[in-house]
Amino acid sequence: TDELTSLLDKLHMLKVNRQLMENLNEYVNRLHQKLDTLRRLALELEGPLLRVEDPESEVLSNPLLSYSLVRQMHFDWPHVEKLMEQSVGLEQIDFAKQMRSELPRLQDVMEATAAMNRVQQVYQLEPADVANGLLDEVQLNAKLSISDCYEMGANLFEASQFSDAASWLIVARELWDQSLTAAEELLTVSRSNISSLLARSEMAAGHLELARAALLEEPSLRAQAEQLLLAYRNHEAAPSEDHPYIEDTDDDFIELCDSSYTPRPTRLVCSYKTNPSKFLHLAPFKMELLSEDPYMVVFHDVLYDEEIESLRRMSEPSLSRSLIVEEDGTETVFKVRTANDVFLDSDELSPKDAQLVKRIYQRLRDLTELRLGHASFEYLKYDFGGHYTFHHDYLNDTDHSSDDRVATFLIYLNDVTRGGATVFSDIKLAVHPEKGKVLHWYNMNPSSFDFETRSYHGACPVLIGRKIALARWIHEQDQMFVKPCLQPPLSRKSRG
Ligand SMILES: O=C(O)CCC(=O)C(=O)O
Ligand SMILES: [Fe+2]
């Protein structure tokens, strides 16, 4: 996974790209030098004979010319042969070969496809707009190429997302018709490849007429259209099995992640939290009650900018791909959670950093009276398309002596230009990241101590910018002396 992370590290990718670019330019220079030398040589060798009108009779009658010719042919042609044979740019070819291991792998392309697809689906963007760099009214200074759009289509086809594949292939074909640069002609798929995959996608999506139209529109395929349709039909689409990177889009994300989504009106309370600590009397926090049942609040401006700077400094260098804890306790990289993270384990921090973390723990404790206890902050970073599918934070511990996650704190460390909200599908709530804001909820019902299933939540994909946050889970056993009754009932049922 470290390998994956470093490959995903865009700065590293840019560096590799720059090195390969310089290498290619150097290779071209060397080829040029060889060309220049040989061209000059050719002119020189041709020279004496160009100046005479009738070389055949001149060579026979002019002893100087024939002397030159004998000497030159004996010595120069073998020399030319050596020069021609001389290999050029072997070093550069070797370098390019070496760098292969640094290139993004197919799975990186598929993850990037998944991110693009997720954003396009969740925010209901048109592939043509995305290709033009228009993301939800934000115009980026870049466009997708024909190959980019074709690859989106091909990857989505592989993932059995046939309608989505078709919509990207249509854009690929439109771009193909608009313009084709010289380099694109070398590296791009042919128009008929685009059209046939488009037809296959439409066919698999159950759109026979659109499949036929795609073939009839393609001059080189028109004549065989009916045969091809038959072949595509007979070639049963493989049963849509679980794709390792691309997942179906959750309708709740589509509804709740939209930046214009406003939850149903509730009796919102906004107050200043001053109890019980002395600290809060001096520096009260603005508190917003988002939901009474289940209890859910946000506190504003809880962290200072300098604290956030320190958190970033101590976390960013150690980020790696987030893992998921499976039911059996194993941890894996999984498509449902596309983020990087690092746990801020106090034992591994400098004394000064550990102190800062402790200070923030104390502040969270002051806000909620919960014991922070033994767990660590998880510093989370989501890039473009980064998300977390709906889940519960509790680990489904049904054991009576369990130590499950009774509550969650989520601290947003930056403002996200677009996307990245934390959304709760049962209570229809969207919380947008804001620098220094703390979101807090319970994963256990405070009266029954049973799992609070309505805490089901997810992180919307990041559309523009990136999102950084701290997550902190509060464990049952750490509350023993604060809330002695907070013990799971014997009847606690395992929840999905
Ligand atoms: O980043 C978010 O908005 C939610 C993160 C989350 O749910 C988690 O890490 O458990
Ligand atoms: Fe969560």
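Please treat every number below as a calculation from the coordinates, not as lab data. Values in this document were obtained by computation on a predicted structure and should not be read as measured data. Virtual Cβ from ideal backbone geometry, glycine too; neighbours counted across all protein chains shown.
Shown here: segment 251-479, whose C-alpha atoms stretch 44, 43, 41 Å along the first, second and third principal axes, sorted largest to smallest. For the chain, averaging the sequence separation of C-alpha pairs within contact (under 8 Å, six or more residues apart) and dividing by the residue count gives a relative contact order of 12 percent.
Within the chain, which DSSP H helices have Cα atoms that stretch 30 Å or more along the helix axis and a mean Kyte-Doolittle hydropathy of at least -0.5? Before the final figure, lay out each step's value.
Details: long enough: 10-50 (59 Å, -0.46); 63-85 (33 Å, -0.24).
Length and hydropathy pass: 10-50, 63-85.
The Stokes-Einstein estimate for segment 106-234, based on a Kirkwood radius over Cα pairs and taken at 10 °C with 1.306 mPa s viscosity, is a diffusion coefficient of 106 µm²/s.
Normalised by the number of residues in segment 106-234, the average gap of Cα pairs under 8 Å and 6 or more apart makes the relative contact order 17 percent.
Bridgeable aspartates and glutamates around Lys97 (alpha carbons under 20 Å apart, same-chain partners fewer than 8 residues away excluded): Glu3, Glu22, Glu26, Asp108.
Modelled spin-label separation between Tyr67 and Gln224, with each label point placed 7 Å from Cα along the Cα-to-Cβ direction: 6.9 nm. Under 13 Å of direct C-alpha separation, and excluding same-chain neighbours fewer than eight residues apart, Lys428 reaches these aspartates and glutamates: Asp251, Asp252, Glu255, Asp258, Asp293. Entry note: segment 2-102 has Rg to Rh equal to 1.35, where both radii use alpha-carbon atoms and Rh is the Kirkwood radius. Looking at segment 119-172, the pairs of alpha carbons with a distance over 19 Å make up 22% of the total.
For the peptides 375-383, 40-48, what is the packing order when you average, over each peptide's residues, the other Cβ atoms within 10 Å and list the highest mean first? If you can, show how the numbers build up before the last one.
Numbers: 375-383: 21.1, 40-48: 11.8.
Top of the packing list down: 375-383, 40-48.
Taking R0 as 41 Å, what FRET efficiency do you get between Glu26 and Glu53 from their Cβ-Cβ distance, rounded to the nearest 0.05?
On the way: r = 45 Å, r/R0 = 1.10.
E between Glu26 and Glu53, to the nearest 0.05, is 0.35.
Multiplying each eigenvalue of the alpha-carbon gyration tensor of segment 92-143 by 5 and taking the square root yields semi-axes of 31, 14, 7 Å, largest first, rounded to whole angstroms.
Any of Lys34/Lys143; Lys10/Lys34; Lys10/Lys358; Lys10/Lys143; Lys15/Lys82 with alpha carbons more than 27 Å apart? Name them for me.
Lys34/Lys143; Lys10/Lys34; Lys10/Lys358; Lys15/Lys82
In plain terms, the chain from Gln19 to Lys34 could stretch by 3.1 nm, reckoned as 0.36 nm per residue minus the Cα-Cα distance.
Look at the dipole of the chain built from charges on Cβ: of Asn443, Ser192, Met84, the Cα furthest out on the positive end belongs to Asn443. Note that the chain shows a convex hull volume over its alpha carbon atoms of 238 Å³ per residue.
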